[in-house]
Amino acid sequence: MKKTSRKAIVVLAAGKGTRMKSPRAKVLHTVLGKPMLGRVLEQLKAIEGAPLVVVVGHQKEAVAFISRAAGAQTVVQEPQLGTGHALLCRRDALEKLGATEVLLVAGDVPLLPVEAMQTYWGEFSASNAPAGVVTLRLEDPSGYGRIVRDARGGVKAIVEQKDASPKELAIHEVNSGVYLFRTGEIMEALLKVGRDNSQGEYYLPDVFALFHGNGAPVLSWQAGDSERWLGVNSQAELARANEQLRAMVVKRLMDSGVTILMPDTVWVEEEVAVAPGCLLHPFTRLCGQTKLASGVEVRAYSCLTDVVLGEGTLVKEHCVLEGTKAGQGCIIGPFSRTREGTSLDEQVHLGNFVETKKAALGKGVKANHLSYLGDATVGAGSNIGAGTITCNYDGVHKHPTVLGERVFIGSDTQLVAPVKVGDGAYVGAGTTVTKEVPPGALAISRTPQKNIEGWADRKKGKG
Ligand code: UD1
Ligand code: MG
């Protein structure tokens, strides 16, 4: 007969993460651009019919914010007296949810493979075991709780590294920190767990020795891909988790037909879409919701965040692009800087030391050298001379600059916004444009040049 069970998931995220030696709570550190805890919750959301409860404590506002964004409830653990105490504090929440089975996960397992977890949960539900634990066999088990087995191979106890005997330290099978429990049994057992250990904490894994002592066999699953289950406790382990996920994403892109030169140097976040036929050079970095159409080439040391590029667009070396859309066939860089709200039509050229912000550049516009275009609209076919600056800020407000089509802006022009330049107009080099320029006109504001003959020799006293 099928047993009725109500599931809940508890994620422990109250700890400080002392070994990280960081002022930021451990679970807020990011793995491939997203907080570790957010990743764990995102994975767990795939498990249907199991509400999520996050135990928060250290830096609880920020941790709760991430939890709520993932649709989880939060409960506070204060003070933080250990993983066993953290779960015990959740008793009311679990009773309210009417949960009979609970999956317990630490918030520091960012790559948690949820499919395997679901399989284990199915086996657990079908059993009568009070508890189950996912174990890992590690070449280097240091830092983890060791799985001590009895003569029949059952889990006898889990012993923390700091409390282990030399014989126990030699065990290579460790506790992943992911468990399944029957709510009634675990709460009862936790009441019996003490804190007489090297860290003075209530250790959750101590319940396994209690279950064994009561003759209640527990389940254990030794996971094959241990890399995915590893908890992050130190900066080195954080770097390892980042590297693992980064390498997975880069490999997936190469498998799909993207050419990546020196893949070990390329950082791509997993929501980035790169079409087959794109070329990524060494040391490129693609972040956020970036999308590259076929034939896009991104050259070395360029960093793109939330950037959408059309077919065949080329980003040369050392560009920093953010919140930008560009059509096909654009050439950007080297050393271009586009900021949020930049939109480039087809075949736009942006060159070195050109910065744009909230700027819409029409088809074929060229701004090749040393410019700032902010709050600006530039019509198709216009040419922006070297050193052109939109003076968009009066110290209080931002103002727009609107240039028509086929406009020619001479070098070293200042466009004092709000200002308009009509279609086909010319602005002479060195002009400060403060008034509207009609279509087809030439605006020029520089002082007429005067040449003083023989001046140099007179200065030197020769004249
Ligand atoms: C824990 C296990 C260890 C296991 C390892 C796997 C214990 C005592 N040890 O050790 O057997 O091999 O995970 O990664 O459980 N937390 C709270 N409240 C607290 C203390 C911790 O919410 O009072 C949270 C932390 O924020 C963290 C999680 O519990 O997310 C685990 O704590 P952590 O200190 O990382 O335990 P480990 O030493 O890794
Ligand atoms: Mg840990």
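One table, with the values for the structure above:
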quantity: Selection from segment 65-92 of residues that are of a type in the set (A, V, I, L, M) and either over 13 Å from LEU52 (Cα atoms) or in contact (Cβ under 8 Å) with a residue 60 or more places away in the chain (or both); calculated: ALA72, VAL76, LEU81, ALA86, LEU87, LEU88
quantity: Some residue of segment 337-350 being in contact with a His (Cβ under 6 Å, 6 or more places away or on another chain) and free of Cβ contacts under 8 Å to residues at least 40 places away in the same chain; calculated: no
quantity: Segment 1-10, residues that are away from ligand 1 (no atom under 11 Å from the Cβ), among the hydrophobic types (A, V, I, L, M, F, W, C) and in a strand (DSSP E or B); calculated: ALA8, ILE9
quantity: Residue within segment 195-214 that is under 30 Å from VAL272 (Cβ atoms), in a helix (DSSP H, G or I) and more than 13 Å from ligand 2 (Cβ to nearest atom) present; calculated: no
quantity: Identity of the residue in segment 317-333, in contact with a strand residue (DSSP E or B) (Cβ under 7 Å, 6 or more places away or on another chain) and open to solvent by 40 Å² or more (accessible area, probe 1.4 Å), that ends up farthest from VAL272 (Cα to Cα); calculated: ILE331
quantity: Criterion: assigned by TED's automatic domain parsing to the domain that holds GLY145, open to solvent by less than 70 Å² (accessible area, probe 1.4 Å), among the β-branched types (Val, Ile, Thr) and in contact with a helix residue (DSSP H, G or I) (Cβ under 7 Å, 6 or more places away or on another chain) - qualifying residue of VAL250, VAL193, VAL268; calculated: VAL193
quantity: Filter result for GLY71 (open to solvent by 10 Å² or more (accessible area, probe 1.4 Å) and outside any strand (DSSP E or B)); calculated: yes
quantity: In segment 121-163, residue nearest to ligand 2 (Cβ to nearest atom) [restricted to those that are over 23 Å from GLY215 (Cα atoms), free of Cβ contacts under 8 Å to residues at least 24 places away in the same chain and assigned to a loop (DSSP other than H, G, I, E, B)]; calculated: SER142
quantity: Selected residue [assigned to a loop (DSSP other than H, G, I, E, B), away from ligand 2 (no atom under 16 Å from the Cβ) and not hydrophobic (A, V, I, L, M, F, W, C)] from GLY38, GLY49, GLY15; calculated: GLY49
quantity: Subset of segment 19-48 (residues that are over 23 Å from GLU243 (Cβ atoms) and free of Cβ contacts under 8 Å to residues at least 40 places away in the same chain); calculated: PRO23, LYS45, GLU48
quantity: Condition met for ALA380 (in contact with a Lys or Arg (Cβ under 6 Å, 6 or more places away or on another chain) and in a loop (DSSP other than H, G, I, E, B)); calculated: yes
quantity: Residue that is at pLDDT 95 or above and closer than 30 Å to LEU314 by Cβ, where the choices are GLY381, GLY422, GLY430; calculated: GLY381
quantity: Of residues in segment 217-239 being part of a loop (DSSP other than H, G, I, E, B) and more than 15 Å from ligand 2 (Cβ to nearest atom), the one surrounded by the fewest Cβ atoms within 10 Å (Cβ to Cβ); calculated: ASP225
quantity: Subset of segment 18-30 that is part of a helix (DSSP H, G or I) and under 25 Å from LYS45 (Cα atoms) - its residue that is nearest to ligand 2 (Cβ to nearest atom); calculated: LYS26
quantity: Of the criteria (1) of a type in the set (D, E, K, R); (2) under 36 Å from the mean Cα position of the chain (by Cα); (3) open to solvent by 30 Å² or more (accessible area, probe 1.4 Å), which one GLU173 fails; calculated: (3)
quantity: Hits in segment 81-119 (condition: assigned to a loop (DSSP other than H, G, I, E, B), over 28 Å from the mean Cα position of the chain (by Cα) and within 13 Å of ligand 1 (Cβ to nearest atom)); calculated: LEU81, GLY82, CYS89, ARG90
quantity: Answer from LEU344, LEU292, LEU314, LEU373 - the residue that is under 30 Å from PRO35 (Cα atoms) and either open to solvent by less than 40 Å² (accessible area, probe 1.4 Å) or among the small types (Gly, Ala, Ser) (or both); calculated: LEU292
quantity: ILE147 being over 27 Å from the mean Cα position of the chain (by Cα) and either surrounded by fewer than 21 Cβ atoms within 10 Å (Cβ to Cβ) or assigned by TED's automatic domain parsing to the domain that holds GLY200 (or both); calculated: yes
quantity: Contacts under 6 angstrom Cβ, first residue in segment 222-236 being on the phi < 0 side of the Ramachandran plot, partner open to solvent by 70 Å² or more (accessible area, probe 1.4 Å) and within 15 Å of ligand 2 (Cβ to nearest atom), 6 or more apart; calculated: ASN233/ARG19; SER234/ARG19
quantity: Per-region count, segment 11-61, residues open to solvent by less than 20 Å² (accessible area, probe 1.4 Å), away from ligand 1 (no atom under 13 Å from the Cβ), over 25 Å from GLU269 (Cα atoms) and among the small types (Gly, Ala, Ser); calculated: 1
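The values are calculated or read from the model by the stated rules, or taken from the named source; none is laboratory data. All values reported here derive from a predicted model rather than from experimental measurement. Don't worry about glycine lacking a Cβ; one is built from the backbone with ideal geometry, like all the others, and counts go over all protein chains shown. Ligands, DNA and RNA are stripped out before the accessible areas are found, and what is left, the full protein with its side chains, is counted by its heavy atoms. Shrake-Rupley method; radii C 1.70, N 1.55, O 1.52, S 1.80 Å.
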